[in-house]
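S.K.: Questions regarding the structure given below will be posed in turn.
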Amino acid sequence: MMNKPESVSYYPLGDAAVVAVFSEAISEQVNHRIRLVGAGLDKLENPAILEYVPAFTTITVYYNPLSIDFAGVVEQIQRIVTALPEEIHFSSANKVIPIWYDGPDLDEVMDYTGLSKEEVVRLHSDNEYIVYMIGFAPGFAYLGGMDSRLSTPRKPTPRLKIEPGSVGIAGAQTGIYPIETPGGWQIIGKTPVRLFDSTKEIPSFLAAGDRLRFDPISKAEYLRMKGADYGD
């Protein structure tokens with residue numbers, strides 16, 4: 001459920017994209033509106049609308065400028081926005097991801113926050129998170145809901161390689177690296193489960209709108225489960 005929504009503003013991104021701004025603040029309600037607009041764009045089946053990219057508070061719609069112009073795209077989006085109900089009920093998939101909390105930056109997070117390892121694990125795994133968007137790398141989920149007591153700055157010098165499955169903290173956010181990539185997040189643990197598989201029809205285990213919890217596991221459990229596919 002959500003309160004009466006704010007108005008949407010629009011601006012061009014180059015000559016072939018429109019950015020629709022739903023709010024200045026990140027919230028679950030704003031995320032719901034953006035997801036519904038994306039669903040509305042899917043139903044249009046307009047070949048002039050090429051793709052869209054949802055983010056925390058915006059959705060960017062890419063179009064063919066030879067077939068439609070900026071004003072025409074804004075009109076299409078606004079029609080969808082106007083038809084949205086003031087109160088929105090949205091179902092979400094609930095998922096659990098096992099984590100072995102033994103990351104190389106766990107001590108650094110403990111030093112910065114003043115928390116013990118047990119407190120870091122408890123605060124990180126007790127909360128329910130929502131996937132606001134997928135970005136940065138294939139399958140990389142930006143999560144909302146981390147306890148503010150865990151907030152820790154990014155590393156001053158990013159690593160060149162982060163192992164797939166690594167769980168990190170960057171400022172007030174937490175997330176999991178689904179593939180090997182450079183990164184500057186503070187790594188506090190890792191999951192044995194493969195979260196992205198390009199050979200699957202749905203390659204990413206996580207999707208925008210999902211709710212998830214982290215389940216602390218032991219080293220023995222991690223080794224036993226390592227390499228498991230999210231579909232197993």
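S.K.: Across region 199-216, in residue order, what do the Karplus-derived ³J(HN,Hα) couplings come to in whole Hz, using 6.51 cos²θ - 1.76 cosθ + 1.60 with θ = phi - 60° and x for Gly and Pro?
M.R.: Computed from phi, the couplings for region 199-216 are 7, 7, 4, 10, x, 9, 5, 9, 9, 4, x, 5, 10, 8, 10, 9, 10, x Hz.
S.K.: Which order do peptides 198-206, 13-21 fall in by mean Cβ count within 10 Å, highest first?
M.R.: Result, highest mean Cβ count within 10 Å first: 13-21, 198-206.
S.K.: Give me the percent of the accessible area of region 113-226 that comes from carbon and sulfur atoms, probe 1.4 Å, all protein chains in place.
M.R.: Roughly 53 percent, rounded to a whole number.
S.K.: Given a 1.4 Å probe, how much area per residue of the chain is accessible, in Å²? Before the final figure, lay out each step's value.
M.R.: Values: 11940 Å² over 232 residues.
That works out to 51 Å² per residue.
S.K.: Would you please give the residues with an amide H less than 5 Å from that of TYR52, counting only those at least 5 places away or on a separate chain, with H modeled from the backbone geometry?
M.R.: TYR62
S.K.: Here is a follow-up. Tell me which residues come under 5 Å, amide H to amide H, from MET133 once H is placed; ignore anything under 5 positions away on its chain.
M.R.: TYR142
S.K.: Using modelled backbone amide H atoms (1.01 Å from N, in-plane), which distant-in-sequence or interchain residues come within less than 5 Å of LYS95's amide H?
M.R.: For LYS95, whose amide H was placed from the backbone, the distant partners under 5 Å are ARG211, LEU212, ARG213.
S.K.: So what are the ³J(HN,Hα) numbers for region 45-57, from phi and the Karplus equation (6.51, -1.76, 1.60; θ = phi - 60°), rounded to whole Hz, Gly and Pro as x?
M.R.: Those phi angles translate into 6, 8, x, 6, 8, 7, 6, 9, 10, x, 9, 4, 10 Hz.
S.K.: Within region 112-159, which GluC sites (Glu not before Pro) sit in a loop by DSSP and count at most 13 neighbouring Cβ atoms inside 10 Å?
M.R.: GLU128
S.K.: So, one more: For region 35-41, what does the Karplus curve 6.51 cos²θ - 1.76 cosθ + 1.60, with θ = phi - 60°, yield as ³J(HN,Hα) per residue in whole Hz, taken in order and with x for Gly and Pro?
M.R.: Running phi through 6.51 cos²θ - 1.76 cosθ + 1.60 with θ = phi - 60° gives 5, 5, 5, x, 5, x, 5 Hz.
S.K.: I've got another one for you. Rounded to the nearest 500, what is the chain's calculated 222 nm mean residue ellipticity when only DSSP H runs of at least 4 contribute -39500 (n - 2.57) each, over all residues?
M.R.: Helix contribution divided over all residues of the chain: -7500 deg cm²/dmol.
The values are calculated or read from the model by the stated rules, or taken from the named source; none is laboratory data. Note that the structure is predicted; figures quoted are calculated from it, not measured. Note: ideal-geometry Cβ built from the backbone for every residue, glycine included; neighbour counts use all protein chains shown. Note: accessible area is taken over every heavy atom of the protein model, side chains too, but ligands, DNA and RNA are not part of it. Shrake-Rupley method; radii C 1.70, N 1.55, O 1.52, S 1.80 Å.
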